[in-house]
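Below is one structure, written out as structure tokens; the observations come after it.
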């Protein structure tokens, strides 16, 4: 009888606290059972992976996805988690928002998710009304959800867009954070930083309230996004939101999502110097694209910015200011995404499968960050920020056996077919990326093996928190 269900042998194991070292990893059931000297576990595992010449990392975690925005939950859970395995992602966080009572909504939504995810997932709920705030204790105690989102971009638009009796102004945010701070378990608040008084004025109206397209207007390109969503509107509002959290002694649970501007990253560093324990996240598109190369496929809010912004973001990742990487992933098809110009195009695009490969390619292989830092920002820090650690984000005995074997020297050209998800396009299509997973393991199950999805649909499960 085998001592282990799965053994990864001869790999270079990467653990941020300990560095990079040669070791074998033994898995029993769904958890890591041993980390041992090379060759000491033998080959008596039911599944043995030879990782010679490769590195073994904790499975990547994408905390920032939007499954079920363009399609139903069942379709997104199946196709997007399948594609995620190609990129070494073993857990995702899905932001979900609806106007109705979450007590009534989440049962059906979770059932669709449980039946279709290949990997594990957790929900973060966008709260849109004071009624939602009142539901926070139920959401935590009964649904196992401890993370939430305050969408500053929906300020003044929520009533018309969602049909709620709330404009999501600062009285709402004050009550929201106070309620979270009063809970007796750790929670996390994701915060979309945007001063809409600035962005709405520049856009000539609230861009979050849909209007009919004007067929007679002149073509407008990506520069419109950059002009109407300026860096200072993001930076100022991030500071404002952090201050609101600080007065409630909640700043160590405040998580600034999708930081796009170098100015915002620098202000985050200043907040840290001032004693704020705010966590900052940027997204892979801000690290791998610039506005000059973007078109309608890359429409996202906040927009991709300049090379100078990108350089600052990498600097702030390296010095520890920015702690986590997400993607803001949406599963949409080219035909529904791309319009006649930037205004006519939809927000969001697919990215999760390329998150880890691009960090390895653009970060590690280009000497911007170390491999241990790459693991921190794609897994360990994310698990800690979203109250998943040490169940997730760690290679240690007793942690979930979420593991990815990567070849830092393997170069592949990005295509939708390579990524194996639902969308028929990628904003990185045609790009050569160096550093790819060869195997992805989810809770002890080999789920991706040298280009082939071998995992089980429905094996993924919701991670109830607190852990």
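Observations
- Scattering profile of the stretch 117-249 at q = 0.11, 0.14, 0.16, 0.21 Å⁻¹ [log10 I(q)/I(0), Debye over alpha-carbon scatterers]: -0.48, -0.73, -0.90, -1.26
- Expected-Rg normalisation [2.2 N^0.38 Å, Cα atoms] applied to the stretch 231-300: 1.22
- Burial ordering of 89, 13, fewest other beta-carbon atoms within 10 Å first: 13, 89
- Neighbour counting of Cβ atoms within 10 Å sorts the residues 377, 369, fewest neighbours leading, into 369, 377.
- In this entry, the stretch 136-199 is assigned a mean projected area of 4.8 nm², taken as a quarter of its C-alpha convex hull surface.
- Above 24 Å, the calculated P(r) of the stretch 222-375 contains 34 percent of its Cα-Cα pairs.
- Degrees between helix 307-318 axis and first principal axis of the chain (Cα, 0 to 90, nearest 10): 50
- Cα-based Rg and Dmax for the stretch 59-385, where Dmax is the largest Cα-Cα distance (Å): 18.6, 56
- Sorted by Cβ neighbour density within 10 Å, fewest at the top, the residues 324, 294: 294, 324
- A full extension of the chain between residue 293 and residue 101 corresponds to an added length of 64.9 nm, given 0.36 nm per residue minus the alpha carbon distance.
- Using alpha-carbon coordinates, inclination of helix 73-86 to the longest axis of the chain, degrees: 50
- Against the chain, whose longest principal axis is taken from its Cα atoms, helix 231-247 shows a tilt of about 80°.
- Over the chain, DSSP H runs of length four or greater, each weighted -39,500 (n - 2.57), average out per residue to a 222 nm ellipticity of -8000 deg cm²/dmol.
- Rounded if a/c under 1.5, otherwise prolate or oblate - the stretch 325-417, Cα gyration tensor axes: prolate
No lab work stands behind these numbers, since they all come straight from the coordinates. Just so you know, these numbers come straight off a predicted model, no measurement behind them. All Cβ positions, glycine included, derive from the backbone under ideal geometry; neighbour counts span all protein chains shown.
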